[in-house]
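Inspection log for the structure reproduced underneath, given as structure tokens.
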Amino acid sequence: MNKIFIVLSALIFFVSSAICEVVSREIVCAQTLQNNPSIIAAKLKLDNARLAYNRSLGAYFPVASLSGSSGQGETNGGYSRDYSFGLNVSLSVFSGFETYNDVKIKSVEVNSSQISYNRTVSDALYETIVQYVNLVWAYETAELSKQIYERRKENRDMINLKYNSGNVDVGSLERVEADVEMAGYDLRKAKRYIETASAALLKAIGRNGDAILETSEKLELDAAEIKKPDFNVLVAQLPEFLTVKFSAQIAKLQAAKTKNLWMPDISVSGAISRSGGQWFPDNRRWNAGISVSYTLFNGGQRYADVKSAKNLAQIAEENLKDSVNSLKAKAVARYNSLADYYENVAVRRHYLKAASLQAEISARKYVNGLTTYQDWYSIENDFINSQKNLLDAKKNASLEKAAWDNFLGK
């Protein structure tokens, strides 16, 4: 029945041409993965990192090239033609492990790009979940506002009867009349916010359209979701830690790479060719060789480069240690904040249960003349506010849970 009311209210309130679309948390997440521009861009960056790694592997293989030429000309009255073709092959045998370190660096960069991609996905899904929570809250708020509006009207009718019988003053009657108007305003405001929440969710998904998104899901919380973790284990799995860790690994490999400057370069090469004045040329030629080069002195640049790279590797290690401490502090603070929000929901539920019982008892007493208008009115408002407070507490806890999941990189 509640769902029917929500759907009909949305259809009546919004323009008749508006397209209504039923969604769920699973649906909006799937659409985000498919349509969000930041995710698509991050996927392309990850693909480029993988291509760069595959390209670096090419240094392990020989370089082969074909060449050929054909020409003709005249000299001292004589006419001649020349043909030639050949194959050249070269291979770097040893470059001080430079190739090995380059490949390792590219491999770590792929891992780092994967973490960056995962973080982008998590951030995009977090924004989607935030907007989806707002949409669910909007529908629940509209439903609650409708209930409050009907309750306020019933209270007005009851006070109107008491006013006509001389049991309450005109000020009390005007007060409940104003409550009805405020409840009506809250209901209209809640319906309008559904359109706002729909537009924000479409933007987070990466879609452009005028659809009014509908959902029948509720803000449900599971206390088992916030079991206290081992923060040392948790930190080692965070995307931010892994990013700094990979940066430290790259700096270490760069330092190892600079040590190659103290080692010789060794390569082998070979070529075969044919040349002559007729096709198929019959003059054959081949050659093969090995070359070794070593820089004896370059003005101290090599020493400075090696020392600088070593310092950068040490800086990266210190940054990694600082990152561990910083992320652990953030994890503890975020978890405790999440626990606070969840406990607040439990407390608000208790308050609502008590307020509901009080409101029921107070209403019976007031109808039978056993309590005053002020006592009844105060308890009635407390009940209505308790309903709103619980719904807001559930929304805030859901948003904090989404922030916690995003912090973990889920």
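The values are calculated or read from the model by the stated rules, or taken from the named source; none is laboratory data. Remember, predicted model here, so these are calculated numbers, not experimental data. When we count neighbours, we look across all protein chains shown, and the Cβ atoms used for this are built from the backbone with ideal geometry, even at glycine.
When you scan the stretch 287-337, how many residues do you find that are among the aromatic types (Phe, Trp, Tyr), modelled with pLDDT under 80 and part of a helix (DSSP H, G or I)? Steps first, answer last, please.
Step one: list which residues in the stretch 287-337 are among the aromatic types (Phe, Trp, Tyr), which gives 294, 297, 303, 335.
Cutting the leftovers down to modelled with pLDDT under 80 gives us 294, 297, 303.
With the extra rule that they be part of a helix (DSSP H, G or I), the set shrinks to 303.
Residues in the stretch 287-337 being among the aromatic types (Phe, Trp, Tyr), modelled with pLDDT under 80 and part of a helix (DSSP H, G or I): 1 in total.
Residues that are of a type in the set (Phe, Trp, Tyr) and farther than 22 Å from Ser92 by Cβ: does the stretch 257-271 have at least one? Scanning the stretch 257-271, I find no residue that is of a type in the set (Phe, Trp, Tyr) and farther than 22 Å from Ser92 by Cβ, so the answer is no.
For Asn381, indicate whether it is more than 20 Å from Lys153 (Cα to Cα) and surrounded by fewer than 19 Cβ atoms within 10 Å (Cβ to Cβ).
Details: more than 20 Å from Lys153 (Cα to Cα): no; surrounded by fewer than 19 Cβ atoms within 10 Å (Cβ to Cβ): yes.
Against the criterion (more than 20 Å from Lys153 (Cα to Cα) and surrounded by fewer than 19 Cβ atoms within 10 Å (Cβ to Cβ)), Asn381 does not qualify.
The residues on offer are Val133, Val121, Val110, and the sole one that is β-branched (Val, Ile, Thr) and within 30 Å of Arg192 (Cβ to Cβ) is Val133. Figure legend. Inter-residue proximity from the stretch 218-230: first residues more than 24 Å from Leu144 (Cα to Cα) and surrounded by 14 or more Cβ atoms within 10 Å (Cβ to Cβ), second residues of a type in the set (Gly, Ala, Ser) and modelled with pLDDT of 85 or more, beta-carbon distance below 7 Å, spacing 6+ or different chains. Indicated pairs: Ile226/Ala339. What about Ala204, is it in contact (Cβ under 8 Å) with a residue 24 or more places away in the chain, farther than 20 Å from Thr32 by Cβ, part of a helix (DSSP H, G or I) and hydrophobic (A, V, I, L, M, F, W, C)? No. In the stretch 151-169, the residues that are among the charged types (D, E, K, R) form Cβ pairs under 6 Å with partners that are surrounded by 13 or more Cβ atoms within 10 Å (Cβ to Cβ) and at pLDDT below 90, at six or more places apart or across chains, as follows: Lys162/Val168. Under the condition of being over 30 Å from Pro62 (Cα atoms) and basic (Lys, Arg), the residues counted in the stretch 284-323 number 3. For the stretch 241-291, filtered to residues that are surrounded by 12 or more Cβ atoms within 10 Å (Cβ to Cβ) and of a type in the set (D, E, K, R), the residue that is farthest from Glu74 (Cα to Cα) is Lys245.
Do we find a residue being under 30 Å from Cys29 (Cα atoms) and in contact with a Pro (Cβ under 7 Å, 6 or more places away or on another chain) anywhere in the stretch 212-231?
If we filter the stretch 212-231 for residues that are under 30 Å from Cys29 (Cα atoms), which is where we start, we get 212-231.
Within this subset, residues satisfying the condition of being in contact with a Pro (Cβ under 7 Å, 6 or more places away or on another chain) are none.
No, because not a single residue in the stretch 212-231 is under 30 Å from Cys29 (Cα atoms) and in contact with a Pro (Cβ under 7 Å, 6 or more places away or on another chain).
Selection of the stretch 352-372 for residues being part of a helix (DSSP H, G or I) and either buried (at least 18 other Cβ atoms within 10 Å of the Cβ) or polar (S, T, N, Q) (or both) yields Leu352, Ala355, Ser356, Gln358, Ala359, Ser362, Ala363, Tyr366.
Got a sec? Which of Leu219, Leu213 is over 30 Å from Asp305 (Cβ atoms) and not in a loop (DSSP other than H, G, I, E, B)? Steps first, answer last, please.
Values: Leu219 fails: not in a loop (DSSP other than H, G, I, E, B).
Among Leu219, Leu213, only Leu213 is over 30 Å from Asp305 (Cβ atoms) and not in a loop (DSSP other than H, G, I, E, B).
Here the condition is being touching a Gly at 6+ places or on another chain (Cβ under 8 Å) and either assigned to a helix (DSSP H, G or I) or closer than 30 Å to Ala359 by Cα (or both); of Arg119, Arg188, Arg156, it holds for Arg119 alone. In the stretch 96-112 there is no residue that is surrounded by 14 or more Cβ atoms within 10 Å (Cβ to Cβ), in a strand (DSSP E or B), at pLDDT below 85 and in contact with a Pro (Cβ under 8 Å, 6 or more places away or on another chain). Note on the stretch 1-69: enclosed helices (runs of 4 or more DSSP H) holding 2 or more residues that are modelled with pLDDT of 75 or more are 25-35, 37-57.
Whether a residue is crowded, with 18+ Cβ neighbours inside 10 Å, assigned to a strand (DSSP E or B) and not small (Gly, Ala, Ser) was assessed, and Tyr79 does not pass this test.
For (1) in contact with an Asp or Glu (Cβ under 9 Å, 6 or more places away or on another chain); (2) touching a residue at least 12 places away in the same chain (Cβ under 8 Å); (3) not aliphatic (A, V, I, L, M), each residue gets a yes or a no:
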position: Gln301; (1), (2), (3): no, no, yes
position: Glu318; (1), (2), (3): no, no, yes
position: Asp322; (1), (2), (3): no, no, yes
position: Lys328; (1), (2), (3): no, yes, yes
position: Ala331; (1), (2), (3): no, yes, no
position: Asp340; (1), (2), (3): yes, no, yes
position: Leu352; (1), (2), (3): no, yes, no
position: Leu357; (1), (2), (3): no, no, no
position: Ala393; (1), (2), (3): no, yes, no
